[in-house]
Amino acid sequence: MKTIILTGASSGIGRKTAEKLVQNGEKVIGIGRNTQKLQAAAAEWKDWPGEFVAWTMDVKEAANAAEEMKKITDMHGSPDVLINNAGTGKFGELEQLSLSDWEQMIDTNVKGNIAITQALLPDLKQMAGHIVFTGSTAGIIGTPKATVYAASKRAVLGFAEALRLETAGTGVRISVLNTGPVKTEFHDRADPSGRYKRSVEQIALSPEKVAEKLVKLLEQPKRTVFMPRWMKVLSMLYQLWPSAVEKIGRRQFHRK
């Protein structure tokens with residue numbers, strides 16, 4: 001039984017991932033803000049092969065990360081895996097975003113990931129553990145009305161890449177799962193108008209599929225995985241011919 005710390009566990013990709021891991025007999029410490037949802041999941045899965053521990057914490061409160069992670073490791077031991085999945089977004093032109101809007105994205109998507117990873121890194125080195133980041137193709141191809149969100153996700157990619165080099169030889173593995181749009185509550189929060197959700201409905205992934213890929217990534221670690229696969233091709237083309245991709249994709253990019 002592996003011990004897995006998973007952020008953003010109360011809904012969306014995180015909840016589906018926790019569900020599959022507990023079904024597989026793993027111990028999951030599920031971190032999230034919604035105590036009621038976390039406890040409901042724990043009650044629902046209590047007779048399953050694995051174990052789910054509900055842990056209420058707001059990831060964006062980076063100053064509390066070290067203390068909270070120490071509480072977890074004191075109680076449950078060193079983790080084998082850390083899945084940095086928690087994230088938030090707000091779509092809108094830069095002039096329309098409030099200071100609170102973009103601070104929340106940076107605090108959750110960047111500072112939260114860094115603080116939790118830093119706090120757990122000594123334990124993960126001891127366990128030759130695995131760190132997984134839920135990234136986004138937005139971190140590779142920035143689009144209108146997602147300026148700060150794209151910046152936060154690009155920071156995650158840079159952090160993961162640098163950490164991979166920094167921990168080389170320690171036994172720690174670093175993986176990034178980059179996804180396109182996913183059918184979760186994220187879009188309702190990011191764009192309450194529903195316009196973006198409608199525009200990507202045909203290509204949006206189900207959280208179940210993403211959770212399956214995350215679980216598989218733990219079983220067969222890889223450096224980087226893209227969902228759907230064609231996003232990898234698009235990302236590669238963008239690195240080679242950015243102006244061409246921007247020109248061809250302009251209409252789609254502006255559909256938020």
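The values are calculated or read from the model by the stated rules, or taken from the named source; none is laboratory data. All of these numbers come straight from a predicted model, not from anything done at the bench. Glycine also receives a Cβ, built like all others from the backbone with ideal geometry; neighbour counts cover every protein chain displayed.
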For the stretch 141-149, indicate whether the set of residues that are of a type in the set (Val, Ile, Thr) and within 16 Å of Ser78 (Cβ to Cβ) is non-empty. no
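Going through the stretch 4-42 one residue at a time, which ones are part of a helix (DSSP H, G or I) and of a type in the set (D, E, K, R)?
Residues of the stretch 4-42 that are part of a helix (DSSP H, G or I), as a first pass: 12-23, 35-42.
Hits for the stretch 4-42 are Arg15, Lys16, Glu19, Lys20, Lys37.
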Unmet requirement for Thr35, which otherwise passes all of (1) among the hydroxyl-bearing types (Ser, Thr, Tyr); (2) surrounded by 14 or more Cβ atoms within 10 Å (Cβ to Cβ); (3) over 25 Å from Lys145 (Cα atoms): (2)
Show the residue pairs meeting these rules: Cβ distance below 7 Å; 6+ apart or different chains; first residue within the stretch 215-242 and closer than 30 Å to Val28 by Cα; second residue among the basic types (Lys, Arg). Val215/Lys20; Pro221/Arg173; Val225/Lys213; Phe226/Lys232; Met227/Lys213
Could you go through the stretch 185-207 and let me know if any residue there is in contact with a strand residue (DSSP E or B) (Cβ under 7 Å, 6 or more places away or on another chain), assigned to a helix (DSSP H, G or I) and at pLDDT below 95. yes
Identify, please: which residue in the stretch 156-177 is under 20 Å from the mean Cα position of the chain (by Cα) and without any contact (Cβ under 8 Å) to a residue 40 or more places away in the chain and is, among those, surrounded by the most Cβ atoms within 10 Å (Cβ to Cβ)? Ala160
Of the listed residues (Lys232, Lys216, Lys222), the one being part of a loop (DSSP other than H, G, I, E, B), modelled with pLDDT of 80 or more and either closer than 30 Å to Ala18 by Cα or not hydrophobic (A, V, I, L, M, F, W, C) (or both) is Lys222
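Quick grid of which residues meet (1) assigned to a loop (DSSP other than H, G, I, E, B); (2) modelled with pLDDT of 95 or more; (3) touching a Gly at 6+ places or on another chain (Cβ under 8 Å):
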{"position": "Val53", "(1), (2), (3)": "no, yes, yes"}
{"position": "Leu82", "(1), (2), (3)": "no, yes, yes"}
{"position": "Met105", "(1), (2), (3)": "no, yes, yes"}
{"position": "Thr108", "(1), (2), (3)": "no, yes, yes"}
{"position": "Ala128", "(1), (2), (3)": "yes, yes, yes"}
{"position": "Ile131", "(1), (2), (3)": "no, yes, no"}
Every residue in the stretch 18-31 that is out of contact with any strand residue (DSSP E or B) (no Cβ under 6 Å at 6 or more places or on another chain) and on the phi < 0 side of the Ramachandran plot, please. Glu19, Lys20, Gln23, Asn24
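Hey, does the stretch 137-160 have a residue that's charged (D, E, K, R) and not in a helix (DSSP H, G or I)?
Of all residues in the stretch 137-160, those charged (D, E, K, R) come to 145, 153-154.
Right, trim to not in a helix (DSSP H, G or I) and you get 145.
Within the stretch 137-160, one or more residues are charged (D, E, K, R) and not in a helix (DSSP H, G or I).
Residue-wise test of (1) touching an Asp or Glu at 6+ places or on another chain (Cβ under 9 Å); (2) without any contact (Cβ under 8 Å) to a residue 24 or more places away in the chain.
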position: Val59; (1), (2): yes, no
position: Lys71; (1), (2): no, yes
position: Gly92; (1), (2): yes, no
position: Gln96; (1), (2): no, yes
position: Asp101; (1), (2): no, no
position: Ile116; (1), (2): yes, no
position: Leu120; (1), (2): no, no
position: Leu124; (1), (2): yes, no
position: Ile131; (1), (2): no, no
